1. Using per-residue counts of other Cβ atoms within 10 Å, averaged over each peptide, order 516-522, 39-45, 396-402 from highest down.
2. As an exercise, use a Förster radius of 30 Å and the Cβ-Cβ distance of Glu570 and Ser541 to find the FRET efficiency, rounded to the nearest 0.05.
3. Given Lys187/Lys296; Lys199/Lys237; Lys100/Lys311; Lys100/Lys192, which pairs have Cα atoms separated by over 19 Å?
4. In whole Å, how far is the Cα centre of region 207-235 from that of region 564-585?
5. Multiply the residue separation of His113 and Val487 by 0.36 nm, subtract the distance between their alpha-carbon atoms, and state the gained length in nm to one decimal.
6. Mind giving me the FRET efficiency for Ala323 and Asn386? R0 is 56 Å, r the Cβ-Cβ distance, nearest 0.05 is fine.
7. How far, in nm, would the chain grow between Ile254 and Gln228 when pulled straight, counting 0.36 nm per residue and subtracting the alpha carbon separation?
8. Just to be sure I understand the model, the point goes 7 Å from the Cα along the line to the Cβ. What's the resulting Asp469 to Asp266 distance in nm?
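Just so you know, all these numbers are worked out from the coordinates, no wet-lab data involved. In this text the structure is predicted, and so the values were computed from the model without any measurement. Positions of Cβ are backbone-derived with ideal geometry, glycine not excepted, and every protein chain shown enters the neighbour counts.
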Amino acid sequence: MASSQVYPFERNRYYPGKMLTTADFQAEQSYHINKMRFMNSLMYGAGIVCGCGVVNLDDLSILIESGVAIDGSGREIIIDSSLVKKLSAIEGFDQLTSDKVCLCVRFKETDIHSVYAVSHKESDQEYEFNRISEGFEVFLVDKEEYDEGFELETEFIQRETLFRGANFEGTLVMPTTVCKGRNVKAKVEIRKIGTEDVKLSYQGILDIPGFSAPDGSQQIEIAIDDIQLDTDGIYEKDLWMKVQNQAGIESNIILRSGSASGFEDDKAISVESSFALKVRLSEESPTSLIRRETGKLSLEMRQAVNEQSIKLADIDLMRTDSAYVIENVKEVKKNPYIELPGQNGIKNEYMEFFHKEADIEDKKGGAAVRADAAPIVEPTYAELKNVATGVLEIPLGRDARTGDIRYSGEITHGLGSGNVYVSIGYEYLSQDQALGASAKSTVYGNPELFSRQAQQLVDAETAVRVLNDKGSFVVAARLLRDVDFLVLTYRWVAIKFPSGEELEAADYYGKSITAKTPTVVMRPRENYYFGVQFNNMDACSITYELTAPGSGEVTTDGVYTAPSKEGVYEIRIYCSDMPMVCTYAYAIVKSTATSEDAGSIEEQEKEPIVKMPEINL
């Protein structure tokens, strides 16, 4: 393991009459250079500052865009202008042994400007280089030989193996310390370690005694069905939970004994039968906890690196004994871009396209801060669906007496027609001694039980009439004693429950999708986009797939490329979250397709060829 250590720093001490030698001038340069690189490595880390993209120009050549990167020693790698390179002309190409390679860049110094050395001796060189040029060098290396770099050890994250098969391995990842009363995420990571084209299924149950799941229970089910990955591919599933405010300092995440099972296709794989993952509980906030964890890394750990290079792209090759073809150039996701303060303005502008939240108030300074100013937003723990609430008033008048009944107006709860439950509570203000001010309270049920604690409570019994078909309700109140108030104020909460039929068919009933152009006539290798129309449902994520091999190609966003062979080809289109909601489109591939053939599509659209699965509701 190499080291990028450049300290302790030494600088020249000048005094009258000091004779300066070559070593003194070199020390003067090294002091300033090493100080700058030392701060670069600590403040920015290693990665790409800007640019450095890689584009596949043709089967043999690539374009490397201009840009700036910083390596593990803090040295700036500046690609001052875009350059076009044949892959075979890049260093390391002749040593490649596989068809999956990495394109990398590294810092390189070159001696330039040869000059005559006036005071050279006979044993010295007659000419010396007068300058050192700081540049770069791109090179290729087999992907399996590329060193991803030294990964800093940390006690903040812990891992526990869930299963390991011939082609997949699964791990549960979670922080070792969590914050009481806050949300925390555990993550299931599944990696493809084999080369066989198989599907993986896994299920297990985690008991979380010191936490609560989004549904309020103390268990989380891990259910993964028929996933497929490319070699070295990664699948991740987030498991959110809330840390309970308990007195202890430690809790456990437990894989329930006997609950785990896994299969690669129909073949069972080795799974962990049970384990207990210990988690420490902290009173700190997540920000304070993470700041302390990242700040305690020692200087030696931060300076330890393996390679002084930056990976720019992964390249897939198609190789023969005498030639090669660039099949694909993939952007490197693991090598992140360095986050710079000067880019905050642009980032905030871009983030406006991904946040809908209104402005939020900064609790510390009281200033208005935009919600998109924080790139990390803690997710909402429990999303309430089919719930509405509000405040209603029942006027009493000046002559209200014991036994009088008063009614509210008809109130629309906003949940639509159907089976809705409405509860109301009497809302009032009282003096709270602990707060030293007035506080609002709501009493659900009979307020008479609290009359001794708060004399101003109104004793009244209430009833709610829900108008199911109209989506509204009416409240009646009967006074149990004489009052001086003119208005009764109540807080109401409405909850809509699905009926039996809705429970069975809530996800599918009445929903369908159709291709905007169900049938199209195309030439071989021609492209066409199959748009989708949603019927009785909101737009959702769509998946496209070919029903038979050799039917061409279709991208994830629905762009179909016809094969070179004539024929009729079928494309299945379905909702990613509801595969039963699907339709089919057809491509008629003809070498002699003309504009007249294209016109016949409009006639075909009148009677589209659509296959819908039968759903028993």
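1. Numbers: 516-522: 19.4, 39-45: 14.4, 396-402: 11.9.
In decreasing order of mean packing, 516-522, 39-45, 396-402 become 516-522, 39-45, 396-402.
2. Details: r = 21 Å, r/R0 = 0.70.
So, using R0 = 30 Å, E works out to roughly 0.90.
3. On the way: Lys187/Lys296 24 Å; Lys199/Lys237 16 Å; Lys100/Lys311 14 Å; Lys100/Lys192 16 Å.
Violating the 19 Å Cα-Cα cut-off are Lys187/Lys296.
4. Using only Cα atoms to place each centre, the spacing works out to 30 Å.
5. Numbers: separation 374, 0.36 × 374 = 134.64 nm, distance 9.38 nm.
Full-extension gain reported as 125.3 nm.
6. On the way: r = 63 Å, r/R0 = 1.13.
For Ala323 and Asn386, the calculated efficiency is 0.35.
7. Values: separation 26, 0.36 × 26 = 9.36 nm, distance 2.72 nm.
Here the segment from Ile254 to Gln228 would lengthen by 6.6 nm.
8. Inter-label distance under the simple model: 5.5 nm.
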